[in-house]
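See below for the structure under consideration.
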Amino acid sequence: MHYQAAEYSWGYYMPAVRSMASDPLERVLRVASESAVVIFSVSSCCMCHAVKRLFCGMGVNPTVFELDQDPRGKEIERALMRLLGNSPGTVPVVFIGGKLIGAMDRVMASHINGTLVPLLKEAGALWL
Amino acid sequence: MASHRVGETGLSDSGPSNHHVPYSLFHGINAPSTSFINQEGSAFDFGELEEAIVLQGVKIRNDEAKAPLFTGRPAATLEMFPSWPTRFQTTPRVGSSKSGGESTDSGSAVNTLSSKADQAQLEPESPISKKASSSDHQAFDQKHLKLQQQQIHQEMATGPSHNQSSVKAPQEKRKGAGSTSEKQLDAKTLRRLAQNREAARKSRLRKKAYVQQLESSRIKLTQLEQDLQRARAQGLFLGGCVGAGSNLSPGAAIFDMEYARWLEDDHRLMSELRTGLHAHLSDGDLRLIIDGYVSHYDEIFQLKVVAAKSDVFHLYTGMWITPAERCFMWIGGFRPSELIKMLIGQLDPLTEQQVIGIYNLQHTSTQAEEALSQGLEQLQQALVDTIAGVPIVDGMQQMAVALSKLANLEGFVRQADNLRQQTLHQLRRILTVRQAARCFLVIGEYYGRLRALSSLWASRPRESMMSEDNSCQTTTELQIVQQHSQNHFSSY
């Protein structure tokens, strides 16, 4: 019996997509491509909270995938670890326009050096 | 007096003689004494001394009837030298037999002893002295003593009558008449003498070993002192963190040391920057220096990554920086947006694009700081909830949860340092070479002044009876700081 994983984003509730795909990595990429900004997170993680605040502070509405609220969250976490290469704490992982940006340090670096905002505008997450 | 006569003769032949001694008799006595001393050289020990004393005692006993030649006695030390000729005039000599079986040199040494032992004649003194000076100040050694001991035993065994044996050195003709005399030593005395000799030898060896040990320890000590000085010079500076020495974790202590060294490098690199700027170096050369300075900053951030792993509280509570710096601290270091705000006025002239870039940098760094601060707030709240909550199962589980939450602090300090590093790199990108050089100099000066402020504050006069005095002192301190800052500002 399938059950639905609720996927919340800030502002609206997105019905879960029942996926037949068993490959977690595929699922990750598919989820990432469905929104302009996707954050893979854990609800209790403080750094994930920080990255969410960062985007909201910029006026972006990210889609958040809480791993601890998905029954196959562990697999997805492992897939993310493989994507990132290393893992001092896997989450948060940020996708913009379907492209992998990385963990918090990459997000911060790209924001400071001015590459984040163009990416957001390109993905349609930012209009200002 | 006979002794007097002999003394003079002896003096003429002996080596060092104590002319200054008033006693004429003393001269006579001293000749063999000095010869005895010469013989001993540096290996004088008390075993032989005691033996000599005992032997002298024996003679004294034998000579009870004979009154001493002089009423007064010379210095106490000299009493130990049994070479009082007159005393032994009547003592039968053991003499020649003692030296049986010995080589020439040792024979002379032995003969000196034997001469002092029997001292039958006064005449022997001069030849004895002769022998003494001719012998190369040989010290008594074991072999001689043992042989002497043997000879004594031999003497006892064979009885009193001995003639000058052929083994004796030719110098021993001095024995002359009455060459054979008996030593009146009993077996107990002999045994005791032997034991004393043995003890003396052992103590000599012990002393030698002890001295060697002392020498090696001394060398080790000087080496340790040198190492310690070198280590100190390399920077066990705790800077503003005085008194923190005892309660620093190893990771914190190591980081403090490395930070102190980094500060020294910083000072050196800043002088290089300053001279490079004033010397109007080419842009290429200046760029090299600036890139070196940026790597210098990368270094401290790398060190902080390592330190955060081992002791995040040390970084987070700011124990590694001075109190004045700590006032403005944000998550274990400087606040990037504040640094940009400070720099904005100092970087003129800037192109329009550069101005936009700088303001963008200030904006983005502010946003990033906000995000991290809010994340940290959530962490603190979660910690409070965990610790303040009622322990469900047991307190240990509660603590374990709190510990795992606390571990996130390291991540925040790392992200804050990352933000600082990225801000500096972005500054470097926006500015030209010369602007960047001035910019980094300003940054270095700024934190240098904060550190100076900390030490001034720490050393300010504390109490005064009058409040006016207080304000006066504060004003004076401000003047000092102003002068100091003026000196630094003038470099721009």
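Scan the range B:374-395 for residues that are among the aliphatic types (A, V, I, L, M), away from every other protein chain (no Cβ under 14 Å) and touching a helix residue (DSSP H, G or I) at 6+ places or on another chain (Cβ under 8 Å) and jot them down.
Looking only at the range B:374-395, we keep the residues that are among the aliphatic types (A, V, I, L, M), and these are B:376, B:379, B:382-384, B:387-388, B:390, B:392-393.
Within this subset, residues satisfying the condition of being away from every other protein chain (no Cβ under 14 Å) are B:387-388, B:390, B:392-393.
Answer for the range B:374-395, where residues must be among the aliphatic types (A, V, I, L, M), away from every other protein chain (no Cβ under 14 Å) and touching a helix residue (DSSP H, G or I) at 6+ places or on another chain (Cβ under 8 Å): B:Ile387, B:Ile392.
Looking for whichever is loosely packed, with under 15 Cβ neighbours inside 10 Å, part of a helix (DSSP H, G or I) and either out of contact with any Lys or Arg (no Cβ under 8 Å at 6 or more places or on another chain) or within 11 Å of another protein chain (Cβ to nearest Cβ) (or both) here; the options are B:Ala371, B:Ala400. Which one fits? Steps first, answer last, please.
Numbers: B:Ala371 fails: loosely packed, with under 15 Cβ neighbours inside 10 Å.
The conditions single out B:Ala400.
Which residue pairs have Cβ atoms under 6 Å apart, sit 6 or more places apart or on different chains, and have a first residue in the range A:33-58 that is of a type in the set (S, T, N, Q) and a second that is modelled with pLDDT under 95 and surrounded by fewer than 19 Cβ atoms within 10 Å (Cβ to Cβ)?
A:Ser33/A:Gly98; A:Ser43/A:Asp68
Considering only residues of the range A:91-124 that are assigned to a loop (DSSP other than H, G, I, E, B), within 12 Å of chain B (Cβ to nearest Cβ) and at pLDDT 90 or above, which is nearest to A:Asn61 (Cα to Cα)?
Here is the first cut: in the range A:91-124, the residues assigned to a loop (DSSP other than H, G, I, E, B) are A:91-92, A:97-98, A:103, A:113-115, A:124.
Now restrict to residues that are within 12 Å of chain B (Cβ to nearest Cβ): A:91-92, A:103, A:113-115.
Checking the rest, the ones that are also at pLDDT 90 or above come to A:92, A:103, A:113-115.
Numbers: A:Pro92: 16, A:Ala103: 18, A:Asn113: 21, A:Gly114: 19, A:Thr115: 18 Å.
Among those residues, the one meeting the criterion is A:Pro92.
Condition first: within 11 Å of another protein chain (Cβ to nearest Cβ), surrounded by fewer than 14 Cβ atoms within 10 Å (Cβ to Cβ) and not aliphatic (A, V, I, L, M). Can you find one or more residues in the range B:308-325 that meet it?
Yes, the range B:308-325 contains a residue that is within 11 Å of another protein chain (Cβ to nearest Cβ), surrounded by fewer than 14 Cβ atoms within 10 Å (Cβ to Cβ) and not aliphatic (A, V, I, L, M).
Please work out which one of (1) without any contact (Cβ under 8 Å) to a residue 12 or more places away in the chain; (2) within 30 Å of B:Tyr293 (Cβ to Cβ) is the condition B:Gln381 fails and give its number.
Evaluating B:Gln381 over (1) without any contact (Cβ under 8 Å) to a residue 12 or more places away in the chain; (2) within 30 Å of B:Tyr293 (Cβ to Cβ) leaves (2) as the failure.
Yes or no: B:Ser337 closer than 16 Å to B:Ile254 by Cβ and of a type in the set (Ser, Thr, Tyr)? Step through it out loud before you land on a result.
Working: closer than 16 Å to B:Ile254 by Cβ: no; of a type in the set (Ser, Thr, Tyr): yes.
Against the criterion (closer than 16 Å to B:Ile254 by Cβ and of a type in the set (Ser, Thr, Tyr)), B:Ser337 does not qualify.
Could you grab me the full set of residues in the range A:38-51 that are within 14 Å of chain B (Cβ to nearest Cβ), of a type in the set (Val, Ile, Thr) and not in a helix (DSSP H, G or I)? Reasoning before the result, please.
So in the range A:38-51, the residues within 14 Å of chain B (Cβ to nearest Cβ) come out as A:39, A:41-51.
Subsequent filtering for residues that are of a type in the set (Val, Ile, Thr) retains A:39, A:42, A:51.
Scanning the range A:38-51 gives A:Ile39, A:Val42.
So how many residues does the range A:54-90 have that are within 14 Å of another protein chain (Cβ to nearest Cβ) and either in a helix (DSSP H, G or I) or on the phi > 0 side of the Ramachandran plot (or both)? Break it down stepwise before answering.
Step one: of the range A:54-90, the residues within 14 Å of another protein chain (Cβ to nearest Cβ) are A:54-60, A:62, A:86-90.
Checking which are either in a helix (DSSP H, G or I) or on the phi > 0 side of the Ramachandran plot (or both) leaves us with A:54-59, A:89.
Here the count works out to 7.
I'm checking my understanding of the structure. Among residues of the range B:403-427 that are more than 26 Å from A:Ile112 (Cα to Cα) and in contact with a Leu (Cβ under 8 Å, 6 or more places away or on another chain), which one is farthest from the other protein chains (Cβ to nearest Cβ)?
B:Leu406
Could you count how many residues in the range B:302-352 are farther than 18 Å from B:Arg420 by Cβ, of a type in the set (Phe, Trp, Tyr) and part of a loop (DSSP other than H, G, I, E, B)?
Looking only at that region, the number is 0.
Assuming B:Leu361 fulfils every condition listed in (1) in contact (Cβ under 8 Å) with a residue 60 or more places away in the chain; (2) under 51 Å from the mean Cα position of the chain (by Cα); (3) part of a helix (DSSP H, G or I); (4) within 13 Å of another protein chain (Cβ to nearest Cβ) apart from one, which condition is it?
(2)
Tell me, yes or no, whether the range B:439-450 has at least one residue that is small (Gly, Ala, Ser), more than 10 Å from every other protein chain (Cβ to nearest Cβ) and surrounded by fewer than 16 Cβ atoms within 10 Å (Cβ to Cβ). Walk me through how you get there before you give the answer.
Within the range B:439-450, the subset small (Gly, Ala, Ser) is B:444, B:448.
Next cut, more than 10 Å from every other protein chain (Cβ to nearest Cβ) only: B:444, B:448.
In the following step, the residues that additionally are surrounded by fewer than 16 Cβ atoms within 10 Å (Cβ to Cβ) were identified as none.
Checked the range B:439-450: no residue is small (Gly, Ala, Ser), more than 10 Å from every other protein chain (Cβ to nearest Cβ) and surrounded by fewer than 16 Cβ atoms within 10 Å (Cβ to Cβ).
Can you tell me which condition B:Ser337 does not meet? The list is (1) under 19 Å from B:Trp262 (Cα atoms); (2) more than 37 Å from the chain's Cα centre (by Cα); (3) small (Gly, Ala, Ser), and all the others hold.
With (1) under 19 Å from B:Trp262 (Cα atoms); (2) more than 37 Å from the chain's Cα centre (by Cα); (3) small (Gly, Ala, Ser) applied to B:Ser337, the lone miss is (1).
The values are calculated or read from the model by the stated rules, or taken from the named source; none is laboratory data. As the structure is a computational prediction, the values presented were derived from the model and not from experiment. As a convention, Cβ positions derive from the backbone with ideal geometry for all residues, glycine included, and neighbour counts pool all protein chains shown.
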